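The values are calculated or read from the model by the stated rules, or taken from the named source; none is laboratory data. Note that the coordinates shown come from a computational prediction; the quantities given were computed from them, not determined experimentally. We place every Cβ from the backbone using ideal geometry, glycine too, and count neighbours over all the protein chains shown. Only protein heavy atoms, including side chains, enter the accessible area calculation; ligands, DNA and RNA are left aside. Shrake-Rupley method; radii C 1.70, N 1.55, O 1.52, S 1.80 Å.
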Amino acid sequence: MRTTLFGSIKLAVLSLGVLIVSACSDHPELPPAPFVPPNEGPGPNYLIGPLDGLNIFVWRNPELSTTVTVRPDGRLSMPLIDDLPATGKTPSELARTIEEALDAFIQQPIVTVVVQNFVGPFSQQVRVVGEAASPQSIPYRANMTLLDVMIQVGGLTEFAAGNRATLVRFEDGLQKEYSVHIEDLIKDGEIEANVKILPGDVLIIPESIL
């Protein structure tokens, strides 16, 4: 009786594992990306996000020049400006916005904005959850690949099912899921498993149940 019960439980667990693997395999796969782009160029313009550190320089007005941190609500404060939306703008766009706000106080202000500490808005971050050694949100960098992300999070835990990982991406307003094979990439060095990462991607690494 005990043997039969044990056999039934084992069969149920194996069947569940097969179902999970089958479900993951239903996701399409992304084309491989080179470890280092042969002609690496700049990516899209950086968008400012909450908690970014900004160096704001106002030409010929050192008393207005300052270093600020964007507040969690996405706004900033600086001399003569109490409350200004900052997130979702490029540094150049924010500089023009500050110039417009300062125009009421000084003649023809010229402003430069330099980002010092990069965090970025959620739409520009790559989030890694599940069985990574250090799950976290990572600021997106131009030409980032799956390998770069895994180096940043310290690889997989000993309980990870890396080849059943899922990459969630928004494309044309729709959420799509892709299968990625992290174990093949970082343990076996299979270059075909290295894929391009885009801003806003979410990497989900499940726990192995077998």
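Observations on the structure shown:
- Student exercise, segment 163-210 dipole from Lys, Arg, Asp, Glu Cβ charges, in Debye to nearest 20: 120 debye
- Inter-site label distance for Asp26 and Tyr178 at 7 Å from Cα along Cβ, in nm: 2.0 nm
- Residue-span extension gain [Ile191 to Asp83] - 0.36 nm each, minus C-alpha spacing: 34.1 nm
- Radius 14 Å from Cβ of Leu156, net charge of other residues (Lys, Arg +1; Asp, Glu -1): -4
- Packing here is the average count of other Cβ atoms within 10 Å per residue, and on that basis the peptides 27-38, 97-108, 79-90, 195-206, highest first, run 195-206, 79-90, 97-108, 27-38.
- When both segment 147-210 and segment 76-90 are represented by their alpha-carbon centers, they are found 36 Å apart.
- Share of pairwise Cα separations in the chain, more than 28 Å, in percent: 46 percent
- For a modelled paramagnetic label at Ser137, 7 Å from Cα along Cα-to-Cβ, the residues of segment 157-194 in reach, with backbone nitrogen under 18 Å, are 168-170.
- Put a plus charge on the Cβ of each Lys and Arg, a minus charge on the Cβ of each Asp and Glu, and nothing anywhere else: the dipole of segment 81-210 about its Cα centre is then about 60 debye.
- Chain lengthening between Arg127 and Ser92 when straightened (0.36 nm per residue, less Cα-Cα): 9.9 nm
- Proximal charge balance of Ile48 [Cβ under 14 Å; K/R count +1, D/E count -1]: +1
- Within the accessible area of the chain (1.4 Å probe), percent carbon and sulfur: 57 percent
- Taking only the C-alpha atoms of segment 42-119, the Rg (one decimal) and the largest Cα-Cα distance, Dmax (whole number), read 11.7, 36 Å.
- Local net charge near Glu190, Cβ-Cβ under 14 Å (Lys/Arg +1, Asp/Glu -1): -4
- Between helix 2-25 and the chain: long-axis angle, C-alpha atoms, 0 to 90°, nearest 10: 40 degrees
- In the chain, lysine pairs closer than 27 Å at Cα, eight or more apart or cross-chain: 5
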